[in-house]
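No value in this document is a laboratory result; all are computed from the given coordinates. No experiment lies behind these values; they were computed from the predicted model shown. Note: ideal-geometry Cβ built from the backbone for every residue, glycine included; neighbour counts use all protein chains shown.
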Amino acid sequence: MYKAPSKEATDTWLDRGFFILGGVGAVWLAFLLVGESFQLGWGQLWSWLVFWAFLAYLLLPRLHRILTTIYVPGYFIGRARTSDGLLGDPVNVALLGKERQVHAIMRRAGWTIADDVTFASSRRIISSTILRQSYEQAPVSPLYLFDRQQDFAYQQEVDNNPGKRHHVRFWRCPDGWMLPGGHKVDWLAAGTYDRSVGFSLFTLQITHKIEQNTDVERDHIVRTVSEGEPSVRVHVIKDFSTGYHSRNGGGDSISTDGGLPVVDARTVSVPTSQEPKSTDSRDRRPAPTTMGAVLVVVRALAALALAVTLFTSSDVFADLTLGDAPADPETTTAAVTIVGIVVLVFGLGEVFLAWRIFLGSNGARVIAMGLSSVSILVQAIDASTGTTSITLEAGLAGLATDILVLLALSSQRARIFAKRQRVPAVPALPMKTSQPR
């Protein structure tokens, strides 16, 4: 018997289609940018910088994400993953205890909680790294475990230089989840040492380079926590890690003996006044969602500007001719006015759509991606048939905006944020107890 697909399944297939179309569109845009760079000449350094930024931060990550979805295991293998789907840092610490107890032992061990990644914090870490100025709360890049960004991260700056630091990311384990082998833990963490700043081997992005022997950082975390809070207990699961240890998401070599220390913080006392607010990374608005909303506003402003042009220049269109005969001025003016009203309504609708995207509406996100997809396909057909030629002076800016909207809103982080309240919570099944006969 045929069963109609559920709304969740439809959303999944829609997201996959938008995701792949965004990747194809990014490849097309890359070719157009290269062509424009050649047209402008080799002396136009800024055009090549634009191309590098597009390649490193948009095209290669999207291609990696498409490919790693196919060949990288989706189950837990002792490694975090980058937002591009590449294998990231090794998971090398586990913890038992509540969130407030984890925060307490890290603070008492002399660690500083890292800022979230925002435009302001990103700008500050760039300037601090270049100028060698201290930034103790410098943000760390997002890594994923259980299809979620880290809930929070801690770090210790070295020599007042944000380019060198100890840092560790924490993820809350899903309810009822156990490590391979049946070990129950509440938190998993991945700690590495940033030794310098360089280029990623896989995406060409500017990123931190980590120390190869990750066990040194793992042992540093456990030692500082044990010294800062003597009540914690630590036991080690030997040879825990799998064989997926060669390079991290930036291309840095990593090595480990495979041991996984489990830090038990359940006996740590935390004053009520020091209890932090519960943290869940899925409740924080990600940068791709904000960027997608901003790009939709840009698209709306372009439509509104066109509407104003149509309203204020209607007399110019009155001189249009239809074949050999001049068009009726009144008819032309009326037609231009109607088109202007339609464009104006569309622009205002886009502003509302952007606001809904910013608030986390999944429906608005899907509509915006659908509009971008239609626009991209229409322009692709026109370009392939020779109807139009997309250049820097004509059409490229609009096409780039549509492709960037699709790349931003079809990303994993934007999708998770938009759907975070749409996934129903699964109630825990009651435990069955045997009754005496």
Neighbour net charge for Arg124 - beta-carbon separation under 14 angstrom, K R +1, D E -1
-2
Gain upon complete extension [Ala335, Lys98; 0.36 nm per residue less C-alpha separation]:
78.8 nm
If each of Ser231 and Ser127 carries a label point 7 Å out from its Cα toward its Cβ, how far apart are those two points in nm?
4.2
Count the lysine pairs in the range 72-276 whose Cα atoms lie under 28 Å apart, taking only pairs 8 or more positions apart in sequence or on different chains.
5
Suppose each label sits 7 Å from its Cα in the direction of the beta carbon; what would the Tyr71-Glu393 distance come out to in nanometres?
4.4
First measure r as the distance between the Cβ atoms of Val308 and Trp13, then evaluate 1/(1 + (r/R0)^6) with R0 = 45 Å and state the FRET efficiency to the nearest 0.05.
0.70
Treat the count of other C-beta atoms within 10 Å as a stand-in for reagent exposure and order Ser384, Ser255, Ser121, Ser373 from fewest to most.
Ser384, Ser255, Ser121, Ser373
Full-stretch length increase - Ser134, Ser384 - with 0.36 nm per residue and alpha-carbon distance subtracted:
84.7 nm
Using a cut-off of under 15 Å, list every residue of the range 285-300 whose amide N is near the label point 7 Å from the Cα of Val351 along the Cα-to-beta-carbon line.
294, 296-300
From the C-alpha gyration tensor of the range 72-276, pull out the three semi-axes of the equivalent ellipsoid (sqrt of 5λ each), sorted largest to smallest, in whole Å.
25, 22, 15
In what order do Arg365, Arg148 fall by count of nearby beta-carbon atoms within 10 Å, going from fewest to most?
Arg148, Arg365
